[in-house]
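All remarks here apply to the structure that follows.
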Amino acid sequence: MSEPAPPHQQANSLWTSRMAFILAAVGSAVGLGNIWKFPYITGENGGGAFVLVYLACIFLIGLPVLIAETLIGRRGGQSPVATMRTLTRTEGASKGWRIIGWNGVFAASLVLSFYAVIGGWALVYVGKAAFGLFVGADAETVGAQFDTLLSNPWELLLWHTAFMVIVVFIVARGIRAGLEKAVKMLMPLLFVLLIVMVLYAMTSGSFGRAVDFMFSPDFSRLTTEGVLVALGHAAFTLSVGIGTLMAYGSYLPKHINIARTSVSIAVMDTCVALLAGLAIFPLVFANGLEADAGPGLIFVTLPLAFGQMSGGLIFGTLFFALLLVAAITSAISMLEPVVEWLEERKGTTRVKSAMTGGFAVWLVGIGTVLSFNLWSNIYPLGFIGFFEGKTVFELIDFLASNILMPLGGLAIVLFVGWAVRREGLAEDIGLQGGLFRAFMVVLKFVTPAGIAVVFLYNLI
Ligand code: PHE
């Protein structure tokens, strides 16, 4: 009396291979989080100790959530919301767990709202690089270029809109075929280019200082909020906790080993982030810039390097173009849970769902656009301790990345650890014997305790 396969698990909708899934998941994971966000939050949080905590969070928290979330997606085989609805029934679990699906749709929209604005910056920077605006520029010039961009809400809105239009267009057309190809060709190229940048940074004279900054932990520089940021970023960079991997996992064929696949994804994603740091910090120190310069960090350091290195025009253009592609493949995966949910709920077409979802997200994104200029002194929930001194952008980022994503992750590991039926779980995850038992201990106790401790410390 086995139930029919859930919608996405029917033969014609599955990913064509393990590689195809990995590519899509890596496409989602590798994005602005690795190249734009990781370096600047590392700079803001003092370097080495932050990186160490981040790495611990990736492997003790992010990876288990990644495995658990993909598993839920495959078992449910629908949108995150419908998957949770079905699974609470078939696994005989409380309906309360459905919050995982809702949290996904809500948080993914919030993340995309600011992600698209930064994606817009990447878009303009392709043009700036191609037109040679960085050639021979000094730190002051590239800094001024960036400040001018941020100070103009209309220009930011234009690029934000352009970015959203691209994302909606791709999602509306159905994601998989084009996505696989783009990721397969372009991600390795981005990787190679990052290595070129690291090699270039090695010649800057400040490489040793950068390595020291990133890898010698000085715990006196790490605050409890810094630990929360590291946790949030571990979730953010792996795209876990908000339904993205549930949506992608729903297309994953049964025979694919989730544990092994997830480890590859986490390792690749981490390598990209560390490479980005190693490419950027030497330039920061060599040019007397500030490591804690904030969200503009890569947009002032990299142009400097491209402006000075030979072939910088081509490298620079290619780099920002690839960053843009990486951002798009991530953004697509954020819109996916929202669109799948709209499609199922309203029974409308994919195109309409993509447009409706995209429009709502775009609207919220205007708050982020304004945070860098007209609203730069407005702190909406400033009266609450947690959100003190945070602009709309910082607030949305903090709420979605550092609160909703880890809490979503917590609910996901608890659900798989405690509520899902144990039979068949080892095969489904792809672990055997002692390894499976150890993993279950991590899932049931270690990961939840890790997340809980970080939150408790921040609340008291
Ligand atoms: N992981 C992506 C990045 O690092 C961001 C992302 C978050 C994508 C959440 C999907 C869901 O850029």
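FYI, it's all coordinate maths here, none of it is from the lab. All figures in this text were calculated on a predicted structure; none of them were measured in a lab. Counting neighbours? That spans all protein chains shown, and the Cβs are built from the backbone with ideal geometry, glycine included.
General remarks:
- Each residue of segment 207-220 was assigned a 3J(HN,Hα) from its phi angle through the Karplus curve 6.51 cos²θ - 1.76 cosθ + 1.60 (θ = phi - 60°); the sequence is 5, x, 5, 5, 4, 4, 4, 7, 10, 9, x, 10, 5, 5 Hz, with glycine and proline shown as x.
- When the Cα gyration tensor is reduced to axis lengths a ≥ b ≥ c, the ratio a/c is 1.5 or higher for segment 159-272, and with a/b above b/c it is classed as prolate.
- Rounded if a/c under 1.5, otherwise prolate or oblate - the chain, Cα gyration tensor axes: prolate
- Straight-distance crosslink candidates among lysines, where the alpha carbon sits under 26 Å from Lys37 and sequence neighbours closer than 8 are dropped: Lys128, Lys181, Lys184, Lys390
- Charge dipole of the chain about the Cα centre (unit charges at C-beta), most positive-ward option of Asn373, Ile242, Gly316: Ile242
- Partners of Lys352 within straight-line reach, counting aspartates and glutamates whose Cα lies under 15 Å from its Cα and excluding those fewer than 8 residues away in the same chain: Glu336, Glu340, Glu343, Glu344.
- The reciprocal of the average 1/r between distinct C-alpha atoms defines the Kirkwood hydrodynamic radius, which for segment 218-275 equals 13.4 Å.
- The slack between Ala449 and Thr90, meaning 0.36 nm per residue of separation minus the straight C-alpha distance, is 126.5 nm.
- DSSP-loop trypsin sites (Lys or Arg not before Pro) across segment 82-176, with at most 16 other Cβ within 10 angstrom: Arg173
- Restriction of the chymotrypsin sites (Phe, Trp or Tyr not before Pro) in segment 352-460 to DSSP coil positions whose beta-carbon has at most 15 other beta-carbons within 10 angstrom yields Phe383.
- Anisotropy class of segment 4-161 from Cα gyration tensor, a/c 1.5 cut: prolate
- Rounded tilt (10° steps) of 63-76 against the dominant C-alpha axis of the chain: 50
- From the largest down, segment 142-196 spans 38, 35, 6 angstrom on the principal axes of its Cα atoms.
- Calculated FRET efficiency for the pair Thr203/Ala139, C-beta based, R₀ 22 Å, to 0.05: 0.80
- Its alpha carbons give segment 239-373 an Rg and a Dmax of 19.3, 56 Å.
- FRET efficiency, 1/(1 + (r/R0)^6) with R0 30 Å, evaluated for Gln432 and Ala360 via beta carbons: 0.10
- The chain - charge dipole about Cα centre, Lys and Arg +1 at Cβ, Asp and Glu -1, debye rounded to 20: 1540
- Candidate cross-link partners of Lys346 among the lysines, defined by an alpha-carbon separation under 28 Å and a same-chain spacing of 8 or more, comprise Lys95.
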